[in-house]
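Worksheet for the structure shown next.
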Amino acid sequence: MLVQILSACVLSLPLPLPGVSSGSAAPPLDSTSELALEAGRAAVKRGQPDRAREHFERALASAETRAEAAFELGELARAAGDVDRMATAALIHAEATVDPRGSGVASPRGAWTIGGKELDVQGLAKRAAAARVQLANALLGVAQDHESKGSRSPEDLLTAAWSRRFALDLVQRTARVAEAMGPALKPDVSVPAGAHGPVLKALDRVGARAIATGDLGTAIRAGRILRGLGVQADFSDLRGDRPSGMAKWRAKGSDILDKARERQAERSDKPWTVEDLEWLSLHEGESFTRSHSSFAEPGVAVSPRGYYRIESDCGYETLLAVARTIEDHHERLANYFGSDPFVRNGTKVERQGLIRIVPDPSGLEAEGAPFFWVGGFQSGDTTVVRLAAGTIEGLGRTLTHELTHRFDGALHGGIPAWLAEGRAVWTGGAYARIEDHSFVDDYASHGTLISVVNRGLSSPRTLTNILSGTPGDYRQNYSAGNALYVFLSTWFPGNAPSMSGGQPLFRDLLHTYEDQGKHPSKPDDLFEEFVDHFCDGKNGRPSSFDEFQEMFTEFLRGFALREKAPFTKRYMNTLEDREGATWIYDEPTWTWDWVRAEPLFGQNQAREAGALLLEFGKPEEAIRALVWARAVDGYDPRTAAYLVEAFEKLKSPSLREREALWTVQHERNGEPFASRVHEKSARARLGAFPGDLKAVDACLAELGAVAAALAAGGAPESARRVAGDAERVAAWAGERVGERAGEETAAPGAVDQAIAIPPGEPDELGGWVEESLTRLDEDRPEGLYFVEDDGTLLLGRNSARTSTGRFDRNGGGRSFVRASRWMLPGTYRIQTRMNFTTAYATGLIVLGWSSRERNIRIPLTAGDVQYAIGESDEEPSFDKVNWRFDGMRTREGGLWTSVRGGAIELDPPSASIEIELLITGPVASLWIAGQFAGSYHTVDGAPIEGYVGFGTMSGTIAVAPPIVRRLDRQPVAILDLDRGTGPEFDRLRNVSVYFGDQMEPPTNGALVLWIPSDGKAGSISSADDEGGELSAEDQRDDITREIARARRTAVQLLERMSRNGVGQPLVVAFPRRFEKVLDRAAFDAELQDSAPENSVPPRIVFHGVTDPAAAEDEASDEHRFEAIDQGRRWLIFVDGFGVARMCQTFTSAAAISQHQLEHWLTVFRDHGRPERKLPEFSRPPAEEDEGQ
């Protein structure tokens, strides 16, 4: 029905070129809505309608002035005889005044009529606004009905969330309705009431049955999840509700796990030796990783002399690296401690250590982690360490830290936490290379020592708490303990530049302190013991704690001075000949998790439970666990994929279950926020929402009728606006919109002609709410922000600025607030102006805030820190702004180009800069002072969704009221092969690539060889040397030559890819005009013959990028090669989510060995385990005895 209505009216209208429609220019950033409204009225009186219109459009941004501004715009349109603009103003006015019941639209002063034309724009606008609000109310009812049944049927919570989000989208332009309904429209999935109980019972049953049947792998997985949930529930800083009775389940999990591991050890083959592992080839190692990527069947190795057994679900490279190096770390520690309590005479192993390496926080919890934030822990002879996006050298330092605790536990049992952690921090950094046999005695991390004094950890009260064993946060033991350890073991008075210049005052006392055995358990007694031991007044030592604290603080301040104290020269901050970084590329270690914060109960663990229950044939229980996971983890593509699989395994799904399945698939497809719709898209395959939503049909009918009336009445832009609303409603409900009535599905590769929807009106972000933010909350005061009368947001201060200069010299601090409007996915632009109001400041923009750790951050730094702290008298010039994206994902630390940063030069210099952000689904692009800075793309393709916020990391800033404008269905910055559109290739980084129906990128990505339509090399062109048109035969010959050249290049690339062990396919992207000339079968056959045996097979695709200058016969050098690919051949790495991560001009096949490109290819080599011919792996054959 909707298709027929739209086909009859809107789609028959001439479609304008894509872009920003008239009257949608960016509103001024140096005005407020109230002032803009007054300025517009003044301009009307002066007879300046165009200027007035600009002011009134700025005034639309505020809910307070939107209705008045819309009325004034309507009056301008009436005076000009512009029916279309008058209708648009009526639509905006109706949305601004409609009430939560969908009625009560306030009539504007005067009548909006033009001459004798009969078009009831007010009535039509009221109908459109009411239709949307009435549908929102109906959807809220659906959500409440499904939510009420969520405890029994958790799948209903998925449908409830979809209904609320649908309603939220409908009311965001209707201020009165949004304010009234907002609290009821929580955009995310609710945690099922009592979700954990049935899941825990199901896991217990699965574990018990697996033990009984000998399925030890499943039993281990079930036991680890149960214990992990029990450990998680016991964290002191757990967020949200803490479940009761979890000690029982932790014990059950431990029991299942211990039994299964004991039986597994009896069955297992002997551990792999270093020699065994080194025998494997690269691809055999990948097979090994695939087979041992779970503790159901971990990789198990033994170190060369049997000091350690190593177990891991990380993979082959991890296991080999630890087995090779662990004894080096052990022997260095044995030399340092002066004895080895585990190995007698360096040969006889009396207590073998067990090393377990895991890739994610849930693995640490499953092994019994004491805190959520640890990167490893020691328990007796068992060492558990996390490796995520890491290096062999970094892993070695973590292992050294934890093994220090093992040695201390055996030799110095019961030492205070500050000493145990402080020493372990020191040993983890005090060596240069893995093979070093001793630590560097004069090593000290200057940065750590400076942080202790700067954070106040050496103050009398805080230091007393640390020495008493009662720090405010256990983590204070790491930095403060390290400073204490360095001080006590090395400090002596004077300025001698080396350690040989004096005798440390406390070293001998430290040795007796750690050797004395048991230490007091009561805080006061522990503190008094320290004072009695170290503050004896002898040999220059202090005689009281106060004297000790002053001496200690003076030592630390020596490192913090701009001109460091002379004695600091005796401490090495950077060790000579320190080894570089050797990345570990095992696929499981490149985790997709967010940087961890205090978890909600079930975080990560519920997803693991759902996956196990699904594999075990329990889809109903799996759904319960996975809905729980969706609620606590937020949207995660892995959870969504498991949910789809679970619903599809139900034997006879109910209507409610089919509704829930549909909502999951709908969200996975990115609907309704995709910027475009293709007939062969996933949306077309999904179909309509299976439930009965008569309100949707009624809304679509009403919007279609209004659009038709507006189109017939000579208001095409207004008609498109309403038709766009209808299309979005239809997309929410799974309708296909944009095809003509009765039209057959388009042929593969065809591009649909979607409704050209004008951009949305500007909308000010406000209603600022202070929120928590990881990495910023420590030492952060509350309420350090202020909103001025004109809406300017002051951050880093809690009152208006009173000084008269351009900026204050210093002051400010950490702050963060977010706006009240939840930004649903899609395309929108944010504009504001940021003023740096202290001599040095770091402002912060936050996108997609959904929790304190799940968001994207953009720090912006300007000014001169030396002037701010009084070390310089030259005022800062503010001639540049440093910027950076931080996606808060663990893996991004090892993928340099996924998180970009840089500096924008300001000419002329200014402390006030315009900021513009364009968010397009999973992509955020940044402009500073009108200059493009860079783009960020989420690691897993998930759209950016949540609140927008601003803050300060230091100093103070002032932010003009941010203005957001929705641009859904506008042209967006993606490389679209079908349409031949996208950004210029020298900016093709962190940009989505759309292959249309030609292919989906394999899960491990693809290496694209791009062939231009018109090349600078001169071999392909539609023009001859004199600028004339080549004959068809000559053009065909040129194309044939270029195809032959591409074939040679592709073969060379494939040969190089084979030598380098590249697992991705080569995709050759030819211009569309080559398709008729190319012998595809022959070309494809040659590619297949040359492809690496262990990679995904190569592909051929076609693109529509052309040179507009060449198409217009512009043959001069000045105008040639204006295509986005600049007439060059390119090599592009597109990851498994369809994101261009690397793009470089192609010169030769050796380009594949470029360091960053090679790194990306290796990280993604086996992501998603694509279908590849990997060899089986085995141990080397046993050597035969001589003489046989």
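Name the residues in region 191-222 that are surrounded by fewer than 22 Cβ atoms within 10 Å (Cβ to Cβ), outside any helix (DSSP H, G or I) and at pLDDT 90 or above, would you?
Passing the criteria: Gly214, Asp215.
Six or more apart or on different chains, Cβ under 7 Å: which pairs go from a residue in region 696-707 that's over 14 Å from Ala719 (Cα atoms) to one that's basic (Lys, Arg)? Could you list them?
Final answer for the pair search is Cys699/Arg132.
Under 9 Å between Cβ atoms, at least 6 apart or on separate chains: pull out the pairs that start in region 200-212 with a residue that is more than 11 Å from Ile225 (Cβ to Cβ) and end on any residue that is modelled with pLDDT under 95 and surrounded by 23 or more Cβ atoms within 10 Å (Cβ to Cβ).
That search, which allows pairs on different chains as well, returns nothing.
How do the pairs read when you match residues in region 417-446 that are among the basic types (Lys, Arg) with residues anywhere that are modelled with pLDDT under 95 and surrounded by fewer than 19 Cβ atoms within 10 Å (Cβ to Cβ), using Cβ under 7 Å and keeping only pairs 6 or more apart or on different chains?
Within 7 Å, the pairs are Arg433/Asp577; Arg433/Glu579.
Of everything in region 306-325, what is among the hydrophobic types (A, V, I, L, M, F, W, C) and either part of a helix (DSSP H, G or I) or over 24 Å from Arg344 (Cα atoms) (or both)? Give them in sequence order. Before you say what the answer is, go through the steps one by one.
Step one: of region 306-325, the residues among the hydrophobic types (A, V, I, L, M, F, W, C) are 310, 314, 319-323.
Correct list: Cys314, Leu319, Leu320, Ala321, Val322, Ala323.
Kindly provide the set of residues from region 232-256 that are farther than 20 Å from Leu626 by Cα and either buried (at least 24 other Cβ atoms within 10 Å of the Cβ) or in the same structural domain as Gly368 (by TED's automatic domain parsing) (or both), ordered by number.
Hit for region 232-256 is Ile256, nothing else.
Which residues, taken from region 858-883, are small (Gly, Ala, Ser), without any contact (Cβ under 8 Å) to a residue 60 or more places away in the chain and buried (at least 17 other Cβ atoms within 10 Å of the Cβ)?
Ala862
Hey, does region 466-481 have a residue that's among the hydrophobic types (A, V, I, L, M, F, W, C), under 16 Å from Gly414 (Cα atoms) and at pLDDT 95 or above? Write out each step before concluding.
Kept after step one, since they are among the hydrophobic types (A, V, I, L, M, F, W, C), are these residues of region 466-481: 466-467, 480.
Those left that are additionally under 16 Å from Gly414 (Cα atoms): 466-467.
If we keep only those that are at pLDDT 95 or above as well, we get 466-467.
Yes.
Residues checked against (1) touching a residue at least 40 places away in the same chain (Cβ under 8 Å); (2) closer than 27 Å to Thr427 by Cβ:
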position	(1), (2)
Leu505	no, yes
Leu526	yes, yes
Cys535	no, yes
Gly540	yes, no
Ser544	no, no
Glu547	no, no
Phe552	yes, yes
Ala565	yes, yes
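May I ask you to list the residues in region 268-280 that are at pLDDT 95 or above and out of contact with any Leu (no Cβ under 6 Å at 6 or more places or on another chain)?
Applying the first criterion (at pLDDT 95 or above) to region 268-280 yields 271-280.
Passing the criteria: Pro271, Trp272, Thr273, Val274, Glu275, Asp276, Glu278, Trp279, Leu280.
When you go through (1) touching a Gly at 6+ places or on another chain (Cβ under 9 Å); (2) in a helix (DSSP H, G or I) one by one for Gly517, which number turns out not to apply?
(2)
Condition first: assigned by TED's automatic domain parsing to the domain that holds Arg562, crowded, with 21+ Cβ neighbours inside 10 Å, in contact with a Leu (Cβ under 6 Å, 6 or more places away or on another chain) and more than 23 Å from Pro523 (Cα to Cα). Can you find one or more residues in region 388-401 that meet it?
Our first condition is that a residue be assigned by TED's automatic domain parsing to the domain that holds Arg562; within region 388-401, this holds for none.
Taking every residue of region 388-401 in turn, none turns out to be assigned by TED's automatic domain parsing to the domain that holds Arg562, crowded, with 21+ Cβ neighbours inside 10 Å, in contact with a Leu (Cβ under 6 Å, 6 or more places away or on another chain) and more than 23 Å from Pro523 (Cα to Cα).
Take the residues in region 158-190 that are farther than 25 Å from Val98 by Cα and under 25 Å from the mean Cα position of the chain (by Cα), then tell me which one is surrounded by the most Cβ atoms within 10 Å (Cβ to Cβ).
Leu158
How do the pairs read when you match residues in region 358-375 that are assigned by TED's automatic domain parsing to the domain that holds Glu402 with residues anywhere that are assigned to a helix (DSSP H, G or I) and of a type in the set (Val, Ile, Thr), using Cβ under 7 Å and keeping only pairs 6 or more apart or on different chains?
Matching pairs, first to second residue: Pro359/Thr589; Glu365/Val231; Ala366/Ile225; Gly368/Val231; Ala369/Val231; Gly375/Thr398.
Condition first: under 24 Å from the mean Cα position of the chain (by Cα) and either in the same structural domain as Glu54 (by TED's automatic domain parsing) or not β-branched (Val, Ile, Thr) (or both). Now tell me which residues in region 756-779 satisfy that.
Going residue by residue through region 756-779, those that are under 24 Å from the mean Cα position of the chain (by Cα) are 765, 768-778.
Answer for region 756-779, where residues must be under 24 Å from the mean Cα position of the chain (by Cα) and either in the same structural domain as Glu54 (by TED's automatic domain parsing) or not β-branched (Val, Ile, Thr) (or both): Leu765, Trp768, Glu770, Glu771, Ser772, Leu773, Arg775, Leu776, Asp777, Glu778.
Of the conditions (1) at positive phi; (2) touching a residue at least 60 places away in the same chain (Cβ under 8 Å), His330 fails just one. Which one is it?
(1)
Kindly indicate which of Ala646, Ala629, Ala597, Ala641 is buried (at least 18 other Cβ atoms within 10 Å of the Cβ), without any contact (Cβ under 8 Å) to a residue 60 or more places away in the chain and out of contact with any Leu (no Cβ under 6 Å at 6 or more places or on another chain).
Details: Ala646 fails: out of contact with any Leu (no Cβ under 6 Å at 6 or more places or on another chain); Ala597 fails: without any contact (Cβ under 8 Å) to a residue 60 or more places away in the chain; Ala641 fails: buried (at least 18 other Cβ atoms within 10 Å of the Cβ).
Being buried (at least 18 other Cβ atoms within 10 Å of the Cβ), without any contact (Cβ under 8 Å) to a residue 60 or more places away in the chain and out of contact with any Leu (no Cβ under 6 Å at 6 or more places or on another chain) holds for just one of Ala646, Ala629, Ala597, Ala641, which is Ala629.
Restricting attention to region 486-528, which residues are among the aliphatic types (A, V, I, L, M) and modelled with pLDDT under 95? Step through it out loud before you land on a result.
Filtering region 486-528 down to residues among the aliphatic types (A, V, I, L, M) leaves 486, 488, 496, 499, 505, 509-510, 526.
Hits for region 486-528 are Ala496, Met499.
Name the residues in region 897-927 that are within 17 Å of Val959 (Cβ to Cβ), in a strand (DSSP E or B) and not hydroxyl-bearing (Ser, Thr, Tyr), would you? Talk me through it step by step, then tell me what you get.
Quick first cut of region 897-927, residues within 17 Å of Val959 (Cβ to Cβ) only: 910-917, 926-927.
Filter once more, keeping what is in a strand (DSSP E or B): 912-917, 926-927.
Across region 897-927, the qualifying residues are Ile913, Glu914, Ile915, Glu916, Leu917, Leu926, Trp927.
Tell me, which strands (runs of 3 or more DSSP E) lie completely within region 780-857 with 1 or more residues that are of a type in the set (Gly, Ala, Ser) and buried (at least 20 other Cβ atoms within 10 Å of the Cβ)? Spell out the reasoning first.
Working: elements: 785-787, 793-795, 815-823, 827-836, 840-849.
The qualifying strands (runs of 3 or more DSSP E) are 815-823, 840-849.
Tell me, please, whether a residue that is assigned to a helix (DSSP H, G or I), within 27 Å of Gly223 (Cα to Cα) and outside the structural domain of Tyr478 (by TED's automatic domain parsing) can be found in region 336-345. Lay out the reasoning, then the answer.
The first filter runs over region 336-345 and keeps only residues assigned to a helix (DSSP H, G or I), leaving 336-337.
Add one more test, that the residue is within 27 Å of Gly223 (Cα to Cα), and what stays is none.
No, that holds for no residue.
So which residues in region 1053-1091 are free of Cβ contacts under 8 Å to residues at least 40 places away in the same chain, under 21 Å from Glu1000 (Cβ atoms) and in contact with a helix residue (DSSP H, G or I) (Cβ under 9 Å, 6 or more places away or on another chain), if there are any at all? Spell out how you get there, then give the answer.
Step one: of region 1053-1091, the residues free of Cβ contacts under 8 Å to residues at least 40 places away in the same chain are 1058-1059, 1075-1076, 1078-1082, 1084-1089, 1091.
The next check asks that each one be under 21 Å from Glu1000 (Cβ atoms); those that pass are 1075, 1080, 1084, 1087-1088, 1091.
Once the filter is applied, which keeps residues that are free of Cβ contacts under 8 Å to residues at least 40 places away in the same chain, under 21 Å from Glu1000 (Cβ atoms) and in contact with a helix residue (DSSP H, G or I) (Cβ under 9 Å, 6 or more places away or on another chain), region 1053-1091 yields Leu1087, Ala1091.
Return the residues of region 928-947 that are touching a helix residue (DSSP H, G or I) at 6+ places or on another chain (Cβ under 9 Å) and in a strand (DSSP E or B); say none if nothing qualifies.
Passing the criteria: Phe932, Gly934, Ser935, Tyr936, His937.
Looking only at strands (runs of 3 or more DSSP E) that lie completely in region 986-1077, which have at least 1 residues being at pLDDT 95 or above and either under 23 Å from Asn1094 (Cα atoms) or not basic (Lys, Arg) (or both)? Before you say what the answer is, go through the steps one by one.
Numbers: elements: 991-994, 1006-1010, 1066-1071.
In region 986-1077, the matching strands (runs of 3 or more DSSP E) lie at 1006-1010, 1066-1071.
Out of Leu467, Leu449, Leu395, which single residue is more than 30 Å from Cys314 (Cβ to Cβ) and within 33 Å of the chain's Cα centre (by Cα)? Explain how you work it out, then say what you get.
Working: Leu467 fails: within 33 Å of the chain's Cα centre (by Cα); Leu395 fails: more than 30 Å from Cys314 (Cβ to Cβ).
Answer to the check: Leu449.
Yes/no matrix, rows are residues, columns are (1) assigned to a loop (DSSP other than H, G, I, E, B); (2) of a type outside the set (A, V, I, L, M, F, W, C); (3) buried (at least 18 other Cβ atoms within 10 Å of the Cβ); (4) at pLDDT 95 or above:
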{"site": "Ala1123", "(1), (2), (3), (4)": "yes, no, yes, no"}
{"site": "Arg1128", "(1), (2), (3), (4)": "yes, yes, yes, no"}
{"site": "Met1142", "(1), (2), (3), (4)": "no, no, yes, no"}
{"site": "Thr1147", "(1), (2), (3), (4)": "yes, yes, no, no"}
{"site": "Ile1152", "(1), (2), (3), (4)": "no, no, yes, no"}
{"site": "Gly1168", "(1), (2), (3), (4)": "yes, yes, no, no"}
{"site": "Glu1171", "(1), (2), (3), (4)": "yes, yes, no, no"}
{"site": "Pro1175", "(1), (2), (3), (4)": "yes, yes, no, no"}
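The values are calculated or read from the model by the stated rules, or taken from the named source; none is laboratory data. Values in this document were obtained by computation on a predicted structure and should not be read as measured data. Note that each Cβ is placed from the backbone with ideal geometry, even for glycine, and that neighbours are counted across all protein chains shown.
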